[in-house]
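Every number in this text was worked out from the coordinates using simple rules, so none of it is lab data. What you see is a predicted model, and the numbers here were worked out from it, not measured in a lab. Cβ sites come from the backbone with ideal geometry, for glycine too, and all protein chains shown count toward neighbours.
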């Protein structure tokens, strides 16, 4: 019995698409320094939650230092948050961000960076170079204020 199936089976797959509509340039928040990042994040972050557990965010920037987007990367416990570097770089690539800023909170209110904070900052810098992006800053935030790695020449 002869089959009507072709001798070569072709499987079709749907394409992955991303639809990103960039805001109008004049409506995009311009980041000139750590104060702008902190002020922008204060509007974005739920201040009632940052005292209870640690969160990690990513601010994605255009080549003109305009905010393309802010991504919630992870939430953790009271002593730390585990981040997935692959997810961070997916956001950077998918939004075509020229640079980015890492932001996380310390529920204790202590703004001093930990050894782990320095370690992840160095990892983010190295990985950014691989995709022709750059880590502009890493902020630690709390209800009391913020710490900027860039302002303290720790980048």
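Starting from 0.36 nm per residue, how many nanometres of slack lie between residue 30 and residue 115 once their C-alpha separation is accounted for?
Values: separation 85, 0.36 × 85 = 30.60 nm, distance 3.07 nm.
Length gained between residue 30 and residue 115: 27.5 nm.
Ranked by Cβ crowding within 10 angstrom, fewest neighbours first, how are 54, 144, 87, 26 ordered?
In increasing order of surrounding Cβ atoms, one gets 26, 144, 87, 54.
Kindly state, to the nearest 0.05, the FRET efficiency for residue 78 paired with residue 153, given R0 = 25 Å and r defined as their beta-carbon distance.
The calculated FRET efficiency here is 0.30.
Relative to the compact globular guide of 2.2 N^0.38 Å, what is the alpha carbon radius of gyration of the range 54-155, as a ratio?
1.00
Report the paramagnetic label zone for residue 134: residues of the range 85-105 whose backbone N is under 11 Å from a point 7 Å from Cα along the Cα-to-Cβ axis.
99-100
Efficiency by 1/(1 + (r/R0)^6): what FRET value for residue 94 and residue 49, r their Cβ-Cβ distance, R0 = 35 Å, to the nearest 0.05?
Plugging the Cβ-Cβ distance into 1/(1 + (r/R0)^6) gives 0.85.
Run the simple label-point estimate for residue 144 and residue 108 please: 7 Å along Cα→C-beta, distance reported in nm.
About 1.0 nm separates the two model spin labels.
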